[in-house]
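Engineer: The structure follows.
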Amino acid sequence: MMLEVLILVVSFLILLSIGVPVAWSIGISCVLTMLVSIDSMAAYTTVAQRMATGLDSFSLLAIPFFILAGQIMNQGGIATKLIDFAKALIGSLPGGLIYVNVIAAMLFGAISGSAVAATSAIGGILGPRMEKENYSREFGAAINVTASTTGLIIPPSNVLIVYSLASGGVSIASLFLAGYIPGILMGLALMLTAAFWIKKKKYPAGETSSFKRIAFTFLDAFPSLFLLIVVIGGIVSGIFTATEASAIAVLYTLILSGIYRQLNFKKLYSIFLNSVGTTAIVMLLIATSMSMSWVMSFENIPQSVSEVLLGLSDNKFVILLIINLLLLFVGTFMDMTPAILIFTPIFLPVMESLGIDPVHFGIIMVMNLCVGLCTPPVGSVLFIGVSVAKTSIQKIIKPLLPLYLVMAIVLMLVTFIPAISLWLPALFE
């Protein structure tokens, strides 16, 4: 067994290090591992079969629909409405545009379910405004990058659907409900950190908004915000499934963007093309990752890891801390979707043996990997945020450090206080 494990891990790391795409690295390492145990034709057939079986899930249909809804929101004028509302609400505070960035990223990320879409949309609109008012480009980019990841915790979230698949069917509705408080807590912590920075830089207060202005922008943004009520309310109440909710989200955003008059046939073509490309990448990652999960199960890797971890300590807090550190490390070099699909089957049995709720562990895992999206060398959100802000990673790292620390603190709170995640799901049981 040790030879197979060694081939799986070493081949995967070598392929990644030489620049082979993650999905291909996973698939090739699976084939190489199976070639040690069985004949070549059987190895190819088994890996292909497991890839196909991994995609044979009705709940996965939600992912392309939510991706499409996110693309429509990104180009349909919805981000602008949310930013205007946030600016009217708190833009008058000293350094108000920083707070606006966080709140707008939380709202847009939650509605679109995409950190990448939130980073590009909010950064692209607010970046020039912040630069015009002499805000630090680097700190603005750092806030935009970190705040955008809250949309992966606050539902609806594609990665929580992926975790549900990888965990063997944890309730998507429970996961969605569990993400609200941790996601909002993360956003508030980032705003508190920004407040210290704003005080240090002595930014003046912005222009005060009238009640009429706040009410107008709220009414303008309400149709966008109502999508959250429709999607989450429908899922939690049992009116429709997460997959049906994703299709409703697409129809709703299409109608809303039409009302805002921000879409035309040229934009729609671009939206569908980008959605298909993103979906293809995500689905290939899911297929190959499910294949790797099966190979690891075939080689008894999860059981071996469980024995090693439980042999280190029988204290669940110590094990949680170790797994957090491992996931933080994994997140620095692996994208979120394959990381969830590969490591959930390894760590979840350990968590369940210690009496930790799978819903709670799902939130811990997603929050861990959100940090990785903001860190080099492969943080996709970091690279997009830097590109949108027209700066460099070297310049943005310094303002990111205190934000990393705050994200880690909130992660520890969520990890060791289960009620933060589980209180809302318990209310709706």
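Rule-based calculations on the coordinates, nothing more; no lab input. Predicted model, so just to flag it, every value in this text is computed and none were measured. When we count neighbours, we look across all protein chains shown, and the Cβ atoms used for this are built from the backbone with ideal geometry, even at glycine.
Engineer: Kindly express, to the nearest 10 degrees and within the range 0 to 90, the angle between helix 316-333's C-alpha long axis and the longest C-alpha principal axis of the chain.
Structural biologist: 80 degrees
Engineer: Which length gain, in nm to one decimal place, applies between GLU352 and TYR44 when the Cα-Cα distance is subtracted from 0.36 nm times their residue separation?
Structural biologist: Length gained between GLU352 and TYR44: 107.6 nm.
Engineer: Run through region 132-215 and list the GluC sites (Glu not before Pro) located in a DSSP loop whose Cβ has at most 14 other Cβ atoms within 10 Å.
Structural biologist: Here the sparse-neighbourhood loop sites are GLU133, GLU207.
Engineer: Shifting gears a bit: Points 7 angstrom from Cα along the Cβ direction at THR332 and SER92: gap in nanometres?
Structural biologist: It is 4.5 nm.
Engineer: While we're on this one: Using +1 at the Cβ of each Lys and Arg and -1 at the Cβ of each Asp and Glu in the chain, identify which of SER114, LEU263, PRO128 lies farthest towards the dipole's positive end.
Structural biologist: Of the listed residues, the answer is PRO128.
Engineer: With a/c under 1.5 counting as rounded, go ahead and sort region 142-198 into rounded, prolate or oblate using the C-alpha gyration tensor (a ≥ b ≥ c being the square roots of the eigenvalues; past the cut-off, prolate if a/b is larger than b/c, else oblate).
Structural biologist: Values: a/c = 4.24, a/b = 2.60, b/c = 1.63.
Prolate shape, in that a/c is at least 1.5 and a/b is the bigger ratio.
Engineer: Based on the mean of other beta carbon atoms within 10 Å per residue, what is the order of 340-353, 311-324, most packed first?
Structural biologist: Details: 340-353: 21.1, 311-324: 14.5.
Most protected by this proxy first, the peptides run 340-353, 311-324.
Engineer: Then there is this: Only Lys, Arg, Asp and Glu count, each charged at its Cβ (+1, +1, -1, -1), so figure out the dipole size of region 13-132 about its Cα centre, rounded to 20 debye.
Structural biologist: With only Lys, Arg, Asp and Glu charged at Cβ, the dipole is about 400 debye.
Engineer: Okay, moving on. For region 115-226, calculate the relative contact order in percent as a whole number, restricting contacts to Cα pairs under 8 Å that are 6 or more residues apart.
Structural biologist: Normalised by residue count, the contact order of region 115-226 is 21 percent.
Engineer: Moving to a separate point now. So what is the 222 nm mean residue ellipticity for the chain from helices alone, if each DSSP H run of at least 4 adds -39500 (n - 2.57) and you divide by all residues, rounding to the nearest 500 deg cm²/dmol?
Structural biologist: -27000 deg cm²/dmol
Engineer: What ³J(HN,Hα) values, in whole Hz, does the Karplus curve 6.51 cos²θ - 1.76 cosθ + 1.60 give for region 248-258 when θ = phi - 60°, with x put for Gly and Pro?
Structural biologist: 5, 4, 5, 4, 4, 5, 5, 5, 5, 5, x
Engineer: Dipole of the chain (Lys/Arg Cβ +1, Asp/Glu Cβ -1, origin at the Cα centre): which of PRO338, SER237, TYR180 lies farthest to the positive side?
Structural biologist: Farthest towards the positive pole: TYR180.
Engineer: Can you list the HN-Hα couplings for region 294-310, worked out from phi with the Karplus curve (6.51, -1.76, 1.60; θ = phi - 60°), rounded to whole Hz and with x for Gly and Pro?
Structural biologist: 5, 4, 5, 5, 4, 8, 6, 5, x, 5, 5, 5, 4, 5, 5, 5, 6
Engineer: Hey, another quick one. Can you work out the Karplus-derived ³J(HN,Hα) for every residue in region 401-417? Use 6.51 cos²θ - 1.76 cosθ + 1.60 with θ = phi - 60°, whole Hz, and x for glycine or proline.
Structural biologist: Taking θ as phi minus 60°, the curve returns 4, x, 6, 4, 4, 5, 4, 5, 5, 5, 4, 5, 4, 5, 5, 9, 10 Hz for region 401-417.
Engineer: When only C-alpha pairs under 8 Å and at least 6 residues apart count, what is the relative contact order of region 271-353, in percent? Can you show the working numbers first?
Structural biologist: On the way: 36 pairs, mean separation 40.1, N = 83.
That works out to 48 percent.
Engineer: Give me the percent relative contact order of the chain, please, defined on Cα pairs under 8 angstrom at least 6 residues apart.
Structural biologist: Value for the chain: 25 percent.
Engineer: To the nearest 20 debye, what charge dipole does the chain have about its Cα centre, counting +1 at the Cβ of each Lys and Arg and -1 at the Cβ of each Asp and Glu?
Structural biologist: Roughly 1920 debye, rounded to the nearest 20.
Engineer: Considering amide H positions built from the backbone, and no H for Pro or chain starts, which residues 5 or more places from GLY95, or on another chain, come under 5 Å of its amide H?
Structural biologist: GLY206
Engineer: Can you give me the orientation-averaged projected area of the convex hull built on the Cα atoms of region 320-429, in nm²?
Structural biologist: Taking the Cα atoms of region 320-429, their convex hull projects to 7.7 nm² on average.
Engineer: Let me ask something additional. Spin-label point model (7 Å from Cα, Cβ direction): what's the LEU225 to LYS390 distance in nm?
Structural biologist: The modelled label-to-label distance comes out at 3.3 nm.
Engineer: Considering the chain as a Gaussian network with a 10 Å cut-off on Cα pairs, which listed residue, ALA88, ALA43, ALA62, attains the greatest mean-square fluctuation?
Structural biologist: Per the Cα network of the chain with a 10 Å cutoff, ALA43 tops the list.
Engineer: While we're on this one: Straight-line reach only, C-alpha to C-alpha below 20 angstrom: list the aspartates and glutamates that LYS81 could link to, leaving out same-chain residues fewer than 8 apart.
Structural biologist: GLU207, ASP220
Engineer: Using only Cα atoms and rounding to the nearest 10 degrees, what angle (0 to 90) does helix 358-373 make with the longest principal axis of the chain?
Structural biologist: The angle comes out at about 70 degrees.
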